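Working notes, structure below.
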Amino acid sequence: MQISCGPEWRHVRCAQPAREQRRSRSVTLQWWRDAVTYQVYVRSFADGNGDGVGDLRGIRSRLRYLADLGIDAIWLNPWYPSPMADGGYDVSDYRDIDPDFGTLDEADELIEEAHALGIRTIIDIVPNHVSDQHPWFQAALKAGPRSKERARFWFRPGRGPGGAEPPNNWVSHFGGPAWSRITEADGTPGQWYLHLFADAQPDLNWEQPEVREEHLSILRFWFDRGADGIRIDSAAILVKDPFLADLDPDAPADAPHPYTDRDGIHEIYQEWRAVADSYPEPKALIGEVWLPDPQRFAMYLRPNEIHTAFNFSFLSCPWDPTEFRKVIDETIAAHEPVGAPATWVLSNHDVTRHVTRYGRADTSFAFATRSFDTPVDLELGTRRARAAALLSLSLPGSAYVYQGEELGLWEVEDIPDNHKHDQMFFRTNGVDPGRDGCRVPLPWSGDAPPFGFSPPDATAEPWLAEQPAEWSRMTVEAQQGDPGSMLELYRQALRLRRAEEGLGTDREGLRWLDSDAEVLAYRRGADLACVLNFGPNPAPLPEHQEILLSSGPLTQDGRLPSDTAAWIRLTTAAGV
């Protein structure tokens, strides 16, 4: 094993090939407890047929890249037929593949080929709403008030004279009212329908048994085809107050919310868990649960509900040692009583890429504070992102890598308004920058856009043709084999995580080590530790036998520079 203990960049050579190690770990029926999952935003990953849109052929052509990266599973954003009003989260058919992405047969082949490489497949399920082009909603428009077709959704008469005002004061997550009024078949102004997102995404009514039965059938459809798990979109908002009470801005923090985290939601996921557990190798349920209360969050992770849920407190945390330690402690404490593994995620398809966030004066993330023209130091952000990779990949539990994170990509923030696609931008009348900047197609090779995203003979531009020219140095081709690159840092970290038992499990707890206030240092397993220096000055490392990996060069005297992390093997004197 090579040791990196000086200013040079040197990385560990694992004793066992990564593919061989994956096979040895994947035999567990609880693979999701410590898996590293790579998120694939299908439209922007790889274009296999040259039409400018990422597709299943493109993903299949890059499976070897993902296997060599060292991940355990891929999570695919929605691949279903969709008008793409919200990037595929407006589903018109849950049992097929959008023609832009491929066919159902290709989906089967993708799952099979990924399995052959030791990679599991997680698909996205969107239970809160459907597309306004879904057959159910089209039938509801034709059927009229008080019909069973409209009962599948939240159709209600309006308030005020002539019913001209929405039924309540709820606001869409994308801005503007959460209600839209339809015109009835006879041409008269009609009922209003609820949509907590875009008006093209009508909310389903989960009080209706037919809605529940349909989703259980959808789960079985994909599990039977070989999907290993599902990611549940907007998992906490399915159940609404049946009286559709107004949202009270002055209500106490512990007061029941009219549509978020209502108690009735747990019965739904208990039914889903029963389906997932009915397979010889149980399927994994992974929730998108945005909740500020760790105890309420943990209720979704009880043994008969969801297996894991995304840790957005960690993602949103500012670059500060006190704040990170607090989030880590609260996360582990909330998960322990229910026996669920924690998850650690730095970026995804909805948030500003963390290279950009960490290069700003305000390094936290919140949807409400996103704005244009915020200064960013990309060199600083990249240095911190490298350190954050070693932090997130050494914490107990599972980890997620958003596509391009392993390349060190930053948020593209200069997309012209007439090239944008995201509903957040349009429904806020341009106040919110939107999410297109983290969805720009990946750079694979070459020195000019589209950087190998499409085949060499393709004539169509990428669907979001905004790759910066500077990404020529960020391509997979440019970084591969460069020991100082972000790509090789991730590859080495993932190989080490698999090779070192203390790093690659959620069952080995975390113990904080004595350190300065500006340093985070914790022990993992028998003798491993992660040390991250947030301070402005170099910091000494605990006594150690060797340095397994560092996010940047150490000083000549072996100290850890500012915004740098290292994985080390401790000595007995260090408290092992």
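The values are calculated or read from the model by the stated rules, or taken from the named source; none is laboratory data. Because the structure is predicted, anything quoted here is derived from the model rather than measured. Cβ coordinates were reconstructed from backbone atoms using ideal geometry, including for glycine residues, and neighbour counts include every protein chain displayed. Note: accessible area is taken over every heavy atom of the protein model, side chains too, but ligands, DNA and RNA are not part of it. Shrake-Rupley method; radii C 1.70, N 1.55, O 1.52, S 1.80 Å.
Considering only residues in the range 141-169 that are within 33 Å of the chain's Cα centre (by Cα) and of a type in the set (A, V, I, L, M, F, W, C), the one that is nearest to Leu247 (Cα to Cα) turns out to be Trp154. Checking each residue in the range 105-121 for being touching a residue at least 40 places away in the same chain (Cβ under 8 Å) and either acidic (Asp, Glu) or open to solvent by 10 Å² or more (accessible area, probe 1.4 Å) (or both) picks out Glu106, Asp108, Glu109, Glu112, Glu113, His115, Leu117, Gly118, Arg120.
If only residues of the range 529-554 that are open to solvent by 30 Å² or more (accessible area, probe 1.4 Å) and of a type in the set (S, T, N, Q) are counted, the one that is nearest to Leu380 (Cα to Cα) is Asn537.
Being touching a strand residue (DSSP E or B) at 6+ places or on another chain (Cβ under 8 Å), part of a loop (DSSP other than H, G, I, E, B) and not aromatic (Phe, Trp, Tyr) is the filter here; which residues of the range 288-311 pass it? Within the range 288-311, Glu288, Val289, Leu301, Glu305, Ile306, His307, Asn311 qualify.
Can you work out which of the residues in the range 333-359 that are farther than 24 Å from Tyr38 by Cβ and open to solvent by less than 40 Å² (accessible area, probe 1.4 Å) is modelled with the highest pLDDT?
Val338
Thr260 falls short on exactly one of the conditions (1) under 20 Å from Leu196 (Cβ atoms); (2) in a helix (DSSP H, G or I); (3) open to solvent by 10 Å² or more (accessible area, probe 1.4 Å), and that condition is (2). Residue check: is Arg273 assigned to a loop (DSSP other than H, G, I, E, B), charged (D, E, K, R) and either open to solvent by less than 10 Å² (accessible area, probe 1.4 Å) or at pLDDT 95 or above (or both)? Answer is no for this residue. Within the range 38-60, no residue satisfies the criterion of being of a type in the set (A, V, I, L, M, F, W, C) and more than 21 Å from the chain's Cα centre (by Cα). For the range 425-432, does any single residue satisfy the condition of being in contact (Cβ under 8 Å) with a residue 40 or more places away in the chain, aliphatic (A, V, I, L, M), crowded, with 20+ Cβ neighbours inside 10 Å and not in a helix (DSSP H, G or I)? No: the range 425-432 contains no residue that is in contact (Cβ under 8 Å) with a residue 40 or more places away in the chain, aliphatic (A, V, I, L, M), crowded, with 20+ Cβ neighbours inside 10 Å and not in a helix (DSSP H, G or I).
A quick yes/no check of all residues on (1) outside any strand (DSSP E or B); (2) among the polar types (S, T, N, Q); (3) touching a Ser or Thr at 6+ places or on another chain (Cβ under 7 Å); (4) within 24 Å of Gln30 (Cα to Cα):
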residue: Gly481; (1), (2), (3), (4): yes, no, no, no
residue: Glu488; (1), (2), (3), (4): yes, no, no, no
residue: Arg491; (1), (2), (3), (4): yes, no, no, yes
residue: Leu494; (1), (2), (3), (4): yes, no, no, yes
residue: Cys530; (1), (2), (3), (4): no, no, yes, no
residue: Gly535; (1), (2), (3), (4): yes, no, yes, no
residue: Leu549; (1), (2), (3), (4): no, no, yes, no
residue: Gly552; (1), (2), (3), (4): yes, no, yes, no
residue: Gln556; (1), (2), (3), (4): yes, yes, no, no
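Which of the residues that make up the range 173-187 are out of contact with any Pro (no Cβ under 7 Å at 6 or more places or on another chain), under 28 Å from Phe367 (Cβ atoms) and at pLDDT 95 or above? Selection gives Ala178, Ser180. With respect to Arg212, determine if the residue is outside any loop (DSSP other than H, G, I, E, B), of a type outside the set (Asp, Glu), open to solvent by less than 10 Å² (accessible area, probe 1.4 Å) and at pLDDT 95 or above. It is false that Arg212 is outside any loop (DSSP other than H, G, I, E, B), of a type outside the set (Asp, Glu), open to solvent by less than 10 Å² (accessible area, probe 1.4 Å) and at pLDDT 95 or above.
Residue-level check: of (1) in contact (Cβ under 8 Å) with a residue 24 or more places away in the chain; (2) of a type outside the set (Ser, Thr, Tyr); (3) open to solvent by 40 Å² or more (accessible area, probe 1.4 Å), Gly144 misses just (3).
Can we say Ala385 is outside any loop (DSSP other than H, G, I, E, B), modelled with pLDDT of 95 or more and under 23 Å from the mean Cα position of the chain (by Cα)? When the stated conditions are applied, Ala385 passes them.
Just to check your reading of the model, which residue among Phe297, Phe223 is free of Cβ contacts under 8 Å to residues at least 60 places away in the same chain and either out of contact with any helix residue (DSSP H, G or I) (no Cβ under 7 Å at 6 or more places or on another chain) or over 27 Å from Gly118 (Cα atoms) (or both)? Spell out how you get there, then give the answer.
Numbers: Phe223 fails: free of Cβ contacts under 8 Å to residues at least 60 places away in the same chain.
Residue meeting the stated conditions: Phe297.
Residues in the range 499-519: is at least one under 15 Å from Ala387 (Cα atoms) and open to solvent by less than 30 Å² (accessible area, probe 1.4 Å)?
Checked against the condition, which is being under 15 Å from Ala387 (Cα atoms) and open to solvent by less than 30 Å² (accessible area, probe 1.4 Å), the range 499-519 yields at least one hit.
Look at the range 244-267: where a residue is charged (D, E, K, R) and a partner is at pLDDT 95 or above, sitting 6+ places away or on another chain with Cβ atoms under 6 Å, you get Asp246/Asn168; Asp246/Asn169; Asp261/Ala236; Arg262/Val239. I'd like the residue in the range 497-522 that is among the hydroxyl-bearing types (Ser, Thr, Tyr) and in a loop (DSSP other than H, G, I, E, B) and, out of all such residues, is farthest from Thr308 (Cα to Cα). Filtering the range 497-522 for residues that are among the hydroxyl-bearing types (Ser, Thr, Tyr) and in a loop (DSSP other than H, G, I, E, B), the one farthest from Thr308 (Cα to Cα) comes out as Ser515. Being acidic (Asp, Glu), in contact with a Lys or Arg (Cβ under 8 Å, 6 or more places away or on another chain) and on the phi < 0 side of the Ramachandran plot is not true of Glu112. Look at (1) touching a strand residue (DSSP E or B) at 6+ places or on another chain (Cβ under 6 Å); (2) surrounded by fewer than 23 Cβ atoms within 10 Å (Cβ to Cβ); (3) part of a loop (DSSP other than H, G, I, E, B); (4) at pLDDT 95 or above and you find that Ile3 fails only one, number (4).
Applying a threshold of 8 Å to beta carbon distances and a minimum spacing of six or more residues, or different chains, the list of pairs starting in the range 531-559 at a residue that is charged (D, E, K, R) and ending at one that is assigned to a loop (DSSP other than H, G, I, E, B) reads Glu543/Thr571; Glu546/Met1; Glu546/Ile3; Glu546/Cys5; Arg559/Pro538; Arg559/Pro540; Arg559/Leu541.
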